[in-house]
Amino acid sequence: MIRGRDQALGYSVIIAATLLAVIPFIGVIVLALGKPGDSSGSVSLAAATHWSNFADVWGTVGFSTSMGTSAIITGVTVLVSVLLSVPAGYALALTNFRGRSILFLLMVFGLLIPLEAMIVPLYFDLRAVNLADNYWSVILPETGFSVAFGAFWMRAYFLSSPRALVEAARLDGASSLQTLLRILLPLARPQMLTLGVLFFVWNWNDFLLPLVMLAGSDLQTAPISLVFFQGQHTTNYTYLAAGALIVIAPVVLVYVVLQRSFSRGVLAGAVKG
């Protein structure tokens, strides 16, 4: 009897949380499909038939260009960050070298420093070496910030990985690189995919860093274009909703495609931790 009530309470909480998350999202979709130029902000299922709103918004402010810029910056950042985080986490967890603990503490300390405190000197440093106002002015800092967290994430996983496998590989004469690539890397795929999803969401939605680093160029990321678009269409709620959905569509798509691997990676890390 008690177990049945606990299950009913659990399902009730899950359903309530789902409704709280889904209903506003559905409202934005219905609003985006409303009558073009609507400034009332009313949500009507009967009027939610104007799919052309997305095409109008896409062509109005050049979302295609800004989405392409975000895709390049985010794609390169995610790929490089994951590739660097795995060996960095492995080295910090399972190899012995002088200064390992100090290096790890410095990386953790770097995670505690807010971006707002570093962005101005970072901009002048990059401009001094002619790396400002281009893709690299955003990719390099975002990769640095991402790798710091990625190394921390992968270190925790490798510390909890089966030591018997590592010791057996070393007894067989495998080097550290061979142990990582052949033994631990296949087991770490859920954690790597989870890390990739986190990096994608963080970097795609990043606003401040691209705004400062790309201020002197014609490049714009999707969140920046959405802000400029909002300034031009302050009362056009239909177009604002359509633009917001265009910007978040890649994030939703990535999460839906990798949802199972993302959940496995998070749960595995929670259980092993």
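The values are calculated or read from the model by the stated rules, or taken from the named source; none is laboratory data. These numbers come from a predicted model, not from an experiment. So basically every Cβ, Gly included, is an ideal-geometry build from the backbone, and we count neighbours across all protein chains shown.
Can you find a residue in region 191-206 that is in contact with an Asp or Glu (Cβ under 6 Å, 6 or more places away or on another chain), part of a helix (DSSP H, G or I) and not charged (D, E, K, R)?
Filtering region 191-206 down to residues in contact with an Asp or Glu (Cβ under 6 Å, 6 or more places away or on another chain) leaves 203.
With part of a helix (DSSP H, G or I) added as a condition, the list becomes 203.
Narrowing the set further to residues that are not charged (D, E, K, R) leaves 203.
Yes, some residue in region 191-206 is in contact with an Asp or Glu (Cβ under 6 Å, 6 or more places away or on another chain), part of a helix (DSSP H, G or I) and not charged (D, E, K, R).
Could you check Ala244 against (1) in contact with a Leu (Cβ under 7 Å, 6 or more places away or on another chain); (2) farther than 30 Å from Gln191 by Cα and say which number it fails?
Just one mismatch for Ala244, condition (2).
Which helices (runs of 4 or more DSSP H) does region 90-176 wholly contain that include 2 or more residues that are surrounded by 11 or more Cβ atoms within 10 Å (Cβ to Cβ) and touching a Gly at 6+ places or on another chain (Cβ under 6 Å)?
Fully inside region 90-176 and qualifying: 135-159.
Inspect all residues belonging to region 157-178 and state whether any of them is under 24 Å from Ile139 (Cβ atoms), of a type in the set (A, V, I, L, M, F, W, C), touching a helix residue (DSSP H, G or I) at 6+ places or on another chain (Cβ under 9 Å) and touching a residue at least 60 places away in the same chain (Cβ under 8 Å).
The initial filter retains those residues of region 157-178 that are under 24 Å from Ile139 (Cβ atoms), namely none.
Within region 157-178, none of the residues are under 24 Å from Ile139 (Cβ atoms), of a type in the set (A, V, I, L, M, F, W, C), touching a helix residue (DSSP H, G or I) at 6+ places or on another chain (Cβ under 9 Å) and touching a residue at least 60 places away in the same chain (Cβ under 8 Å).
Could you give every pair whose Cβ atoms fall below 7 Å, whose first residue belongs to region 181-200 and is over 19 Å from Arg163 (Cα atoms), and whose second residue is part of a loop (DSSP other than H, G, I, E, B), counting only separations of at least 6 or pairs across chains?
Leu193/Leu258; Val197/Leu258
Is at least one residue of region 244-264 of a type in the set (A, V, I, L, M, F, W, C), modelled with pLDDT of 65 or more, out of contact with any Phe, Trp or Tyr (no Cβ under 6 Å at 6 or more places or on another chain) and not in a helix (DSSP H, G or I)?
The answer is yes, given that some residue of region 244-264 is of a type in the set (A, V, I, L, M, F, W, C), modelled with pLDDT of 65 or more, out of contact with any Phe, Trp or Tyr (no Cβ under 6 Å at 6 or more places or on another chain) and not in a helix (DSSP H, G or I).
Which of the following residues is more than 18 Å from the chain's Cα centre (by Cα) and among the aromatic types (Phe, Trp, Tyr): Phe152, Phe124? It would help to see each step written out before you state the result.
On the way: Phe152 fails: more than 18 Å from the chain's Cα centre (by Cα).
Of Phe152, Phe124, the one residue that is more than 18 Å from the chain's Cα centre (by Cα) and among the aromatic types (Phe, Trp, Tyr) is Phe124.
Give me the residue from region 79-105 that is free of Cβ contacts under 8 Å to residues at least 40 places away in the same chain and within 23 Å of the chain's Cα centre (by Cα) and, out of that set, nearest to Ala168 (Cα to Cα).
The extreme case among them is Leu83.
Quick one: is Leu226 more than 20 Å from Gly150 (Cβ to Cβ), touching a residue at least 12 places away in the same chain (Cβ under 8 Å) and assigned to a helix (DSSP H, G or I)? Even if it seems obvious, please write down each step before you answer.
Values: more than 20 Å from Gly150 (Cβ to Cβ): yes; touching a residue at least 12 places away in the same chain (Cβ under 8 Å): yes; assigned to a helix (DSSP H, G or I): yes.
Judged against the criteria, Leu226 is a match.
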